[in-house]
Each structure stands twice: as structure tokens, then as C-alpha cells.
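Each remark here refers to the structure printed beneath this line.
The values are calculated or read from the model by the stated rules, or taken from the named source; none is laboratory data. Please read all numbers here as calculations on a predicted model, not as lab measurements. Here the Cβ positions follow ideal geometry from the backbone for every residue, glycine too, while neighbour counts run over all protein chains shown. Only protein heavy atoms, including side chains, enter the accessible area calculation; ligands, DNA and RNA are left aside. Shrake-Rupley method; radii C 1.70, N 1.55, O 1.52, S 1.80 Å.
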Amino acid sequence: MLIKFFILLFIFINIFFNIHATEKQLIINRLIETNNLTFDFIQLTNNKKEVGTCVLAFDNKLVCDYQDSIQKRIIINDKTLVVQQKRYNKTYFYPISKSAFIKIFNKNNLINLIKKSDYQLDNNIRLTYIGENKEKIVILFKKNNYDLVGWEVTDQLQNSINFSIKIKYVNSEINPKIFKMPVN
């Protein structure tokens, strides 16, 4: 009787892990088919709420326009992040090489992150990755079609950024000029 129990337990554990591996592969397949996304977002940074619209083009290109009083725009193009405050005519440049963005906005890095992450199923598929420097990245996907629905990042300083997205378009025509960096 005990042997039958362990055999059933072994079969159940194998089925459980194969389902997770299969879902991860389905997410990866969906990402491989995706060249760009246009989406609305809600961003919570240490409980401060911001909203807007973004265009993400793999690899490493993102432009987000915030609906706020300072007319903030964020542009990521390859290895540089720019924060523009149009109202005040200010522009700030930052490298993204050590940030979580390089893992999310680069398709190969995102696929590797998915493969190394821990799987959890609730309202969405939650894939959690904890980096060498204790940064935590959670990538969220819809469980019915494997679309990206957001990410949660906790950096080394314990700053928390939750980014929820609602995809409007996938693989649409995008003018590459929108990712042009402003002059320093």
C-alpha cells in the first residue's frame, strides 16, 4: 500500500511540474511571436499612482507618455533611459544596464528570466525571479492567452514598482522615430 502511495505521489508531482513547464513554454512561444506592444498602464511606485500609454518594441525600446501635470515621457533605446519633463523643459539620462528593465525589455533576457523563475498561479500566472543582488522581478501573464499583463520590481534599495498593462495592439506598425533620443 505504501509503495502505491509513493508511485501515485511521484506521478502527481511529475504531472504538476510538466504543466508548469508547458505553460512557461507557451508564454515563451507567445513572446517569440511578439515584436511590439502598445498598451495603457497603471504604475504604482512606492504607492504613488501614475497612468499613461506606452509602446514597447523588442529589443530594448520603450516610449511611455504619462498623463500628469509635468508631461513626463520616458524613452528607453538600447542602453539608455531618458526621463523628460516637457512642462519644465528638463531631460535626465540614466544607464539601464544594471536595472531590471534590461531583463524585461530584451526578449532573450526575458525568456531566460522566465525559464529561471518560480511559477505561481492565482488570478494570473506569476513568474518570480530573484537576482544575485536581491532584486526581485515578478512578471505577470494572463492564464488564458499568455499575454503580458505587467511586472513588479523590487530593487536593491527596496523600492517597489508595480506596472499593470492593458494591451491595445500587438505587432502594429510603429514609426521608429518615436524612440529617438533627445539631444543632451
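Just a few scattered comments:
- The residue pairs whose first member lies in region 105-122 and is farther than 16 Å from Asn29 by Cβ, whose second member is of a type in the set (Lys, Arg), and whose beta carbons are closer than 6 Å, counting only pairs six or more residues apart or on different chains, are Asn109/Lys103; Gln120/Arg126.
- Of all residues in region 64-80, those that are over 19 Å from Leu37 (Cβ atoms), touching a helix residue (DSSP H, G or I) at 6+ places or on another chain (Cβ under 7 Å) and open to solvent by less than 60 Å² (accessible area, probe 1.4 Å) total 1.
- Selection status of Thr128, out of contact with any helix residue (DSSP H, G or I) (no Cβ under 8 Å at 6 or more places or on another chain) and farther than 14 Å from Lys24 by Cα: no
- Reported count of residues in region 144-155, each being in contact with an Asp or Glu (Cβ under 9 Å, 6 or more places away or on another chain) and touching a residue at least 60 places away in the same chain (Cβ under 8 Å), is 1.
- Conditions (1) touching a helix residue (DSSP H, G or I) at 6+ places or on another chain (Cβ under 9 Å); (2) free of Cβ contacts under 8 Å to residues at least 40 places away in the same chain; (3) of a type in the set (Phe, Trp, Tyr); number of the one not met by Tyr94: (1)
- Qualifying residue in region 68-79 (condition: closer than 21 Å to Ile137 by Cα and assigned to a helix (DSSP H, G or I)): no
- Matching residues in region 81-118 - criterion: being over 21 Å from Cys54 (Cα atoms), open to solvent by less than 40 Å² (accessible area, probe 1.4 Å) and not in a helix (DSSP H, G or I): Ser117
- Picking from residues in region 121-134 that are under 16 Å from Asp147 (Cα atoms) and either in a loop (DSSP other than H, G, I, E, B) or modelled with pLDDT under 95 (or both), the one that is most open to solvent (accessible area, probe 1.4 Å) is Asn123.
- Test: residue in region 142-150 that is more than 23 Å from Asp59 (Cβ to Cβ) and either modelled with pLDDT under 95 or part of a helix (DSSP H, G or I) (or both): yes
- Boolean, Ile137 is of a type in the set (Val, Ile, Thr) and open to solvent by 60 Å² or more (accessible area, probe 1.4 Å): no
- So Ile76, is it among the β-branched types (Val, Ile, Thr), within 15 Å of the chain's Cα centre (by Cα) and within 24 Å of Gln25 (Cβ to Cβ): no
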